[in-house]
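Enquirer: Just dropping this structure here.
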Amino acid sequence: MPIERRPLRDQIKREVLTRLRRGDFPAGQNINEGQLAGELGVSRTPLREALIALEIEGLIESQPGKGFRFAPVSPKEYQELCPVVAALEALALESSDAGYLAETAPRLLALATEFDASVATQAEIEQRDDEWHELLLGGCRNERLMDLLTTLKASLRRYVHLLIDDETEISRSASEHRLIAESIIAGDMAAAVSALKANWTSGTERMVEKLGDAGV
């Protein structure tokens with residue numbers, strides 16, 4: 001069995017993405033390269049290569065004479081990201097193994113129902129949402145597509161805290177997740193794909209309003 005060896009910069013990039021999605025790096029925060037390299041146990045050269053790659057993807061900005069910082073949030077970025085992530089997740093769902101989806105859909109429905117009925121912290125809600133979508137798309141074998149989704153969803157994760165304390169938003173999201181699972185169980189993939197796209201795009205206006213209230 002061949003052993004996959006990823007370049008160190010790719011491993012660093014993946015770890016930074018994981019931390020970004022987890023909320024460890026606030027939007028607009030300057031990056032202390034020496035400190036981050038020490039935390040990751042790597043030298044600054046591969047770290048800088050990883051940061052440059054993330055800059056190309058729009059997650060990080062370089063500042064002349066000041067190094068890097070995590071990109072700030074903006075209504076325009078959010079409005080552009082949501083339909084792209086929606087389309088790519090829909091493609092991943094359509095590309096998923098039918099047997100996997102049939103087997104997994106009841107669990108997805110149960111998780112969506114539990115999500116709506118529970119009281120959770122922000123971290124728990126974010127984790128459950130990530131796990132739900134990862135389980136949904138676990139039958140997609142297109143690695144390039146899934147890697148691209150990981151990067152784009154890390155960008156969106158910077159916005160989640162603005163709505164996560166909104167009970168209406170949480171309930172709406174849970175309802176949409178249930179509809180996706182119910183459509184898969186019913187064998188209606190067109191409805192499942194449509195519901196998945198709506199899950200990503202239906203809250204756009206509310207988010208843009210929140211960003212305006214926050215002075216972004």
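The values are calculated or read from the model by the stated rules, or taken from the named source; none is laboratory data. What you are looking at is a predicted structure, and each value in this text was computed from that prediction instead of being measured. Backbone-built Cβ (ideal geometry, glycine too); neighbour counts: all protein chains shown. Protein only, heavy atoms only, side chains kept; ligands, DNA and RNA dropped before computing areas. Shrake-Rupley method; radii C 1.70, N 1.55, O 1.52, S 1.80 Å.
Enquirer: Scan the range 12-40 residue by residue and report those that are loosely packed, with under 14 Cβ neighbours inside 10 Å and under 26 Å from residue 127 (Cα atoms).
Expert: 18, 24, 26, 28, 29, 30, 39
Enquirer: I've got another one for you. From the list 196, 149, 137, which one is under 23 Å from residue 70 (Cβ atoms), at pLDDT 90 or above and buried (at least 19 other Cβ atoms within 10 Å of the Cβ)? Explain how you work it out, then say what you get.
Expert: On the way: 196 fails: under 23 Å from residue 70 (Cβ atoms); 137 fails: under 23 Å from residue 70 (Cβ atoms).
Exactly one residue qualifies, and that residue is 149.
Enquirer: Can you pull out the residues in the range 159-175 that are open to solvent by 30 Å² or more (accessible area, probe 1.4 Å) and either under 14 Å from residue 108 (Cα atoms) or at pLDDT 95 or above (or both)?
Expert: 175
Each row is one residue, and each column tells you yes or no for (1) in contact with a Gly (Cβ under 6 Å, 6 or more places away or on another chain); (2) open to solvent by 40 Å² or more (accessible area, probe 1.4 Å); (3) of a type outside the set (A, V, I, L, M, F, W, C); (4) modelled with pLDDT of 75 or more.
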position	(1), (2), (3), (4)
79	no, yes, yes, yes
90	no, no, no, yes
115	no, no, no, no
154	no, no, no, yes
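Enquirer: For the structure I just gave you, tell me whether residue 58 is open to solvent by less than 40 Å² (accessible area, probe 1.4 Å), over 30 Å from residue 197 (Cα atoms) and either of a type in the set (Lys, Arg) or at pLDDT below 90 (or both).
Expert: Numbers: open to solvent by less than 40 Å² (accessible area, probe 1.4 Å): yes; over 30 Å from residue 197 (Cα atoms): no; either of a type in the set (Lys, Arg) or at pLDDT below 90 (or both): yes.
In short, no.
Enquirer: From the set of residues in the range 92-107 that are farther than 18 Å from residue 198 by Cα and of a type in the set (D, E, K, R), which is surrounded by the fewest Cβ atoms within 10 Å (Cβ to Cβ)?
Expert: By that ranking, first place goes to 103.
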